[in-house]
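Trainee: Here you go, one structure.
The values are calculated or read from the model by the stated rules, or taken from the named source; none is laboratory data. All values derive from a computational prediction rather than experimental measurement. Positions of Cβ are generated from backbone atoms using ideal geometry, with glycine treated the same way; all protein chains shown enter the neighbour counts.
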Amino acid sequence: MAWLQIRVRSRHPEFAEEVLLAHGAGAVSFVDAVDDPVLEPAPGETPLWANTVTLGLFAEHADPAAIGASLRELLPDGAEILVDHELVEDRDWVRVWLKDCPPLRFGERLWVVPQEKLHEVTQADAVVLKLDPGLAFGTGTHPTTALCLEWLAAQDLRGKTVLDYGCGSGVLAIASLLLGARRAIGVDIDPQAIRATRDNAAVNGVDARIEAVSPDDFAPAACDIVVANILANPLVELAPLLARCTRHHGRIALAGLLDRQADEVRAAYAPWFCFDADVSREGWTRITGCRNEAPRQ
């Protein structure tokens, strides 16, 4: 099996990484001019080189033109970036990722851990989410996912219903269930993301309490908690739907947007929500809020 590899030359490799992942990259790595890789730097770290190339690995059928268009639209230096692509032969990408990804903690006791490193978590009251990457990637190493996991870890989720719109690997929905949610719904446009969410839920023993579906098969219903870690434009377009899916006095978390896009996204949700203070990390913003009783006029 071959893979589509997309190479991005940008002054903002961490932003390029997030866009590639949002489009379903199976893995992302950074290389310098001599292709010496640094895989998945930890939160807060930056690549080592002045001229970093971001590599995204996709299923062979992925559309490089659409991915390139998103990169040029969303990156701060989008008009100047260089994007090219090629087909590469298969290799054991999971083992490559496991080599460099440590267990990660979010909040007081939520951990996201590769299965081969479970023995490294010794906290007595740890809530452990076992996760190995598949074709739908999402591990918590990226600022937007980390911001959402930290927010979820701080919520009282006991008995709640959670909607994870744009679920990717299902990490947010599964984390919610492990933290006490009664039921979770994961929605994604990518069939591989739906499969990955179901597989990861089974690994974590919560598959009986999660539903993973495409937008076409999703039946909107009021949920206690809604999280959407996607991109700014889809977040704006989805505002009426996600508001309808948030129970009155329910909570919402929106991520996947650059700091400069926060005002536009917040304005799209303002008729339905009262907002907390935004949280920003490495150029990415998380918006959270509470559903009003009725839309503001």
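Trainee: Does at least one position in the stretch 234-248 carry a residue that is over 29 Å from LYS130 (Cα atoms), surrounded by fewer than 21 Cβ atoms within 10 Å (Cβ to Cβ) and β-branched (Val, Ile, Thr)?
Mentor: yes
Trainee: Identify the single condition in (1) at pLDDT below 85; (2) assigned by TED's automatic domain parsing to the domain that holds GLN261 that ASP156 does not satisfy, given that it satisfies every other one.
Mentor: Status for ASP156: all satisfied but (1).
Trainee: Still on this structure: Every residue in the stretch 251-274 that is surrounded by 14 or more Cβ atoms within 10 Å (Cβ to Cβ) and more than 21 Å from THR145 (Cβ to Cβ), please.
Mentor: ALA268, ALA270, PRO271, TRP272, PHE273, listed by residue number.
Trainee: If you check every pair at least six apart or on different chains, which have Cβ atoms under 7 Å apart with a residue in the stretch 165-193 that is at positive phi first and a residue that is surrounded by fewer than 24 Cβ atoms within 10 Å (Cβ to Cβ) and part of a loop (DSSP other than H, G, I, E, B) second?
Mentor: Note: pairs meeting the criteria are GLY166/ILE230; GLY180/LEU157; GLY180/ARG158.
Trainee: Search the stretch 230-253 for residues that are assigned by TED's automatic domain parsing to the domain that holds ALA268 and pair each with any residue that is in a strand (DSSP E or B) and surrounded by fewer than 19 Cβ atoms within 10 Å (Cβ to Cβ) when their beta-carbon atoms are under 8 Å apart and the residues are at least 6 apart or on different chains.
Mentor: From residues that are assigned by TED's automatic domain parsing to the domain that holds ALA268, the pairs are HIS249/CYS290; GLY250/CYS290; ARG251/CYS290; ILE252/CYS290.
Trainee: Identify, by number, the condition in (1) modelled with pLDDT under 95; (2) under 23 Å from VAL171 (Cα atoms); (3) of a type in the set (A, V, I, L, M) that VAL236 doesn't meet.
Mentor: That leaves (1) as the condition not met.
Trainee: Next up: Could you please find all residues in the stretch 225-265 being at positive phi and touching a Lys or Arg at 6+ places or on another chain (Cβ under 8 Å)?
Mentor: We begin by selecting, within the stretch 225-265, every residue at positive phi; these are 249, 256.
HIS249, the sole residue that qualifies.
Trainee: Which of the residues that make up the stretch 185-200 are surrounded by 24 or more Cβ atoms within 10 Å (Cβ to Cβ) and at pLDDT below 95?
Mentor: Correct list: ASP188, ALA193, ALA196, THR197, ASN200.
Trainee: Something else now. With the stretch 1-116 as the region, which strands (runs of 3 or more DSSP E) entirely inside it contain at least 1 residues that are at pLDDT 85 or above and under 29 Å from LEU152 (Cα atoms)? Give the derivation first.
Mentor: Working: elements: 2-9, 27-31, 53-59, 82-89, 104-106, 110-113.
Here the list reads 53-59, 104-106, 110-113.
Trainee: Given the criterion over 19 Å from the mean Cα position of the chain (by Cα), crowded, with 20+ Cβ neighbours inside 10 Å and either among the polar types (S, T, N, Q) or closer than 29 Å to VAL128 by Cα (or both), identify the matching residue among VAL206, VAL227. Give the steps one after another, and end with the answer.
Mentor: Working: VAL227 fails: over 19 Å from the mean Cα position of the chain (by Cα).
Going through VAL206, VAL227 in turn, the sole match is VAL206.
Trainee: Which residues, counting only those in the stretch 161-184, are surrounded by 24 or more Cβ atoms within 10 Å (Cβ to Cβ) and assigned to a strand (DSSP E or B)?
Mentor: VAL162, LEU163, ASP164, TYR165, ALA184, listed by residue number.
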